[in-house]
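Let me begin by presenting the structure, written as structure tokens, before commenting on it.
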């Protein structure tokens, strides 16, 4: 597999786009600028663009640059529609391009306005400002030369030229963007810090260019001021000093003016000339033009020309560096993107002595709702388990516990010297001998990142130890001990046996990870600890995709149950009766006729409910990849109780309540499997006089006059919900089991039932609100989503309680 580059070199515009896109995506954790759906679409489009490149290597520098650049364009294109100011950071500010020119002009004006070198009528040969300007510039030149020599001696890594001032300022932005509450301020701060960190050398050259031009402009302004004032003022040239005499001043001026005197044909000056220019001996020389030219030439030779040359060099370096911005790709953000171009393949070798152990593990790692089946593959053949959206793949291969020995080569047993000599001559030389070709099983073993060894007890380790001793591999030992043995003891014995054999392995019992999808993090964390370091990041993304897949299936399953229950809550059927209610009380025949009408209505509702239950059950089976024939083993019994709503008079309700409840009672049993809820569900009317009075007031408002409505009560909906959750438990268990757990253990059925009924009862009040909304509101979109979320919370409590209990009790 080709290695992705650790850094890329690109032009300034592309680097700004990439770093700004990185700052936006890493700061926008809530999806305000880019939603997760938009990010996935951007990834897809960028990958399509990269796939059209001509490079044969998907992680070549050119291909990586093209992919990252195109992706950054896509990101900024979306952000520009929502926050144009933020997207505009991808372009350099226009004023930065004119900063150098502005600095030169401003410094020139400042130098022209300086009057410290000479007063309007006098040029001082020992002007301290002039001496400071010359000395400062000479010191700067020495510092630049020393810096260049030191940099040549040190072998610096790319992108490590980071001036301390820039980095201190950039790192200070960390605290600033934490204080800034707005997303725009946070993104701007993060981008600025990353940009100056990546382009420190470029920014250094730009500031050097500005400073060199400012220094040249200042000296140019001073010289220009000398000539400009000389047009209207007659300079008097001289010097004065308390401690220096003419000889010393002459020596100092010879050194100071040496560059100008050496390059230009100025008339030399003697000690007598200098002595005559002392202001204390007279009024100084009247002809100052000569000295003005000398001093202006000195500024040009020492300051203006070198500084302009350095500015040109800085400009050249700026152009070079602006085309060679180096970005490190070691950040997690870029590692994720590179994983899309060069997906990592994580390979697991599976070694088991028994087919039942092998299949038990494969049912956990490869649910039935996937299209491929490693259990049916040939030994040593790699089969995919899952892939991420960025291309990483998890593969598994079945490796037999031991290989058949190779047939022995015939040995030359000739006892004569001629026979032995002939045998040596005919024996192939090592270079000509055919190299052994490894078997698919051996190749799979060698290519495995982690070996999964499945055993039932410590005694099995002796059989699998020789198979793995050929090459040391990271090993995860999985103990699938029988249900009638102490599983914790079996795991402890396997761990001790592995240490005795020198097998350094993680050890897990099946009860820790194999019972339900909620235990998946246990297995994934163990695999992550065994994974080679260079594949840990890819496996982390695979683990995340694994958990997201489980969560999506769980959410969709709960949504199926929620939709079916809301439909059941809306089920209602009218049983019309033309007889007055009082006559129904007196006449047994009329009362029986009315009961028959209500039972017919109940039968209609039951028929619709049966169809709804079958549809939701089939939908759950399809979601979990279980065919209908095997699904018949999982159907739950369902007994339903109906609430008969009759248009009775509120005043007569208490008188007739008990008789009505007894006369109209009937039971309907929707048995579809072998697990019972343990509670009889009756089709009844009102129970007791007080309850009848309260119920009559509600029914008179809810039902048309002269009709009887048959509808599920809240209690019955809770019973149906418990049955539906038990059905889901059976399906989710059967997805990773050879047989339904409830068919093998009565204890399991009791445990499941108690946990589910308790979870439903604990949410009785909140569920009642959903039933009421379903009966009164025609639409169910928002209600179904909210009920699905509520069922997820309830079912998670059930699953976590079940598997914590089963681990302690040894119940699958």
Take residue 544 and decide whether it is over 25 Å from residue 801 (Cβ atoms) and outside any helix (DSSP H, G or I).
no
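Among the listed residues 514, 492, 520, which satisfies the condition of being over 20 Å from residue 354 (Cα atoms), at pLDDT 85 or above and touching a strand residue (DSSP E or B) at 6+ places or on another chain (Cβ under 9 Å)?
Numbers: 514 fails: over 20 Å from residue 354 (Cα atoms); 520 fails: touching a strand residue (DSSP E or B) at 6+ places or on another chain (Cβ under 9 Å).
Within the list 514, 492, 520, the selection yields 492.
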Every listed condition ((1) crowded, with 19+ Cβ neighbours inside 10 Å; (2) touching a residue at least 60 places away in the same chain (Cβ under 8 Å); (3) out of contact with any helix residue (DSSP H, G or I) (no Cβ under 6 Å at 6 or more places or on another chain); (4) over 30 Å from residue 275 (Cβ atoms)) holds for residue 256 save (4)
Yes or no: the range 606-627 includes at least one residue that is in contact with a strand residue (DSSP E or B) (Cβ under 7 Å, 6 or more places away or on another chain), closer than 25 Å to residue 783 by Cα and either at pLDDT below 80 or surrounded by fewer than 15 Cβ atoms within 10 Å (Cβ to Cβ) (or both).
yes
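Kindly establish whether residue 290 is in contact with a strand residue (DSSP E or B) (Cβ under 9 Å, 6 or more places away or on another chain), at pLDDT 70 or above, assigned by TED's automatic domain parsing to the domain that holds residue 131 and surrounded by fewer than 19 Cβ atoms within 10 Å (Cβ to Cβ). Walk me through it before giving the result.
On the way: in contact with a strand residue (DSSP E or B) (Cβ under 9 Å, 6 or more places away or on another chain): yes; at pLDDT 70 or above: yes; assigned by TED's automatic domain parsing to the domain that holds residue 131: yes; surrounded by fewer than 19 Cβ atoms within 10 Å (Cβ to Cβ): yes.
Yes, satisfied.
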Filter the range 563-603 down to residues that are modelled with pLDDT under 75 and within 26 Å of residue 774 (Cβ to Cβ) and give me whichever is surrounded by the fewest Cβ atoms within 10 Å (Cβ to Cβ).
576
What about residue 274, is it crowded, with 16+ Cβ neighbours inside 10 Å and either part of a loop (DSSP other than H, G, I, E, B) or at pLDDT 75 or above (or both)?
no
Among the residues of the range 1-51, the number that are in contact with a strand residue (DSSP E or B) (Cβ under 8 Å, 6 or more places away or on another chain) and over 19 Å from residue 69 (Cβ atoms) is 1
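Would you mind listing the helices (runs of 4 or more DSSP H) fully within the range 5-119 where at least 1 residues are under 24 Å from the mean Cα position of the chain (by Cα) and modelled with pLDDT of 80 or more?
Values: elements: 12-27, 36-51, 61-82, 84-87, 94-97, 99-112.
Those helices (runs of 4 or more DSSP H) span 12-27, 36-51, 61-82, 84-87.
Only one of 249, 237 is modelled with pLDDT of 75 or more, touching a strand residue (DSSP E or B) at 6+ places or on another chain (Cβ under 7 Å) and buried (at least 17 other Cβ atoms within 10 Å of the Cβ). Can you tell me which?
Working: 237 fails: modelled with pLDDT of 75 or more.
Among 249, 237, only 249 is modelled with pLDDT of 75 or more, touching a strand residue (DSSP E or B) at 6+ places or on another chain (Cβ under 7 Å) and buried (at least 17 other Cβ atoms within 10 Å of the Cβ).
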When residue 142 is run through (1) modelled with pLDDT of 90 or more; (2) loosely packed, with under 14 Cβ neighbours inside 10 Å; (3) in contact with a helix residue (DSSP H, G or I) (Cβ under 9 Å, 6 or more places away or on another chain), the failure sits at (3)
Do we have residue 498 as farther than 24 Å from residue 339 by Cβ, surrounded by 19 or more Cβ atoms within 10 Å (Cβ to Cβ) and either out of contact with any helix residue (DSSP H, G or I) (no Cβ under 7 Å at 6 or more places or on another chain) or in the same structural domain as residue 786 (by TED's automatic domain parsing) (or both) here?
no
Can you pull out every residue in the range 317-332 that is exposed (fewer than 14 other Cβ atoms within 10 Å of the Cβ), part of a helix (DSSP H, G or I) and touching a residue at least 24 places away in the same chain (Cβ under 8 Å)?
332
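Residue 761 - would you say it is closer than 19 Å to residue 721 by Cβ, modelled with pLDDT of 80 or more, loosely packed, with under 14 Cβ neighbours inside 10 Å and outside the structural domain of residue 621 (by TED's automatic domain parsing)? Let's see the steps before the verdict.
Details: closer than 19 Å to residue 721 by Cβ: yes; modelled with pLDDT of 80 or more: yes; loosely packed, with under 14 Cβ neighbours inside 10 Å: yes; outside the structural domain of residue 621 (by TED's automatic domain parsing): yes.
When the stated conditions are applied, residue 761 passes them.
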Matching residues in the range 528-553 - criterion: being surrounded by 15 or more Cβ atoms within 10 Å (Cβ to Cβ), over 14 Å from the mean Cα position of the chain (by Cα) and touching a residue at least 40 places away in the same chain (Cβ under 8 Å)
530, 531, 535, 549, 553
For the structure I just gave you, tell me whether residue 716 is more than 26 Å from residue 480 (Cα to Cα), modelled with pLDDT under 85 and assigned to a helix (DSSP H, G or I).
yes
So residue 434 passes all but one of these: (1) assigned to a loop (DSSP other than H, G, I, E, B); (2) modelled with pLDDT of 85 or more; (3) over 24 Å from residue 382 (Cα atoms). Which condition number does it fail?
(2)
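The values are calculated or read from the model by the stated rules, or taken from the named source; none is laboratory data. As the structure is a computational prediction, the values presented were derived from the model and not from experiment. Cβ atoms come from the backbone with ideal geometry, glycine included; neighbour counts cover every protein chain shown.
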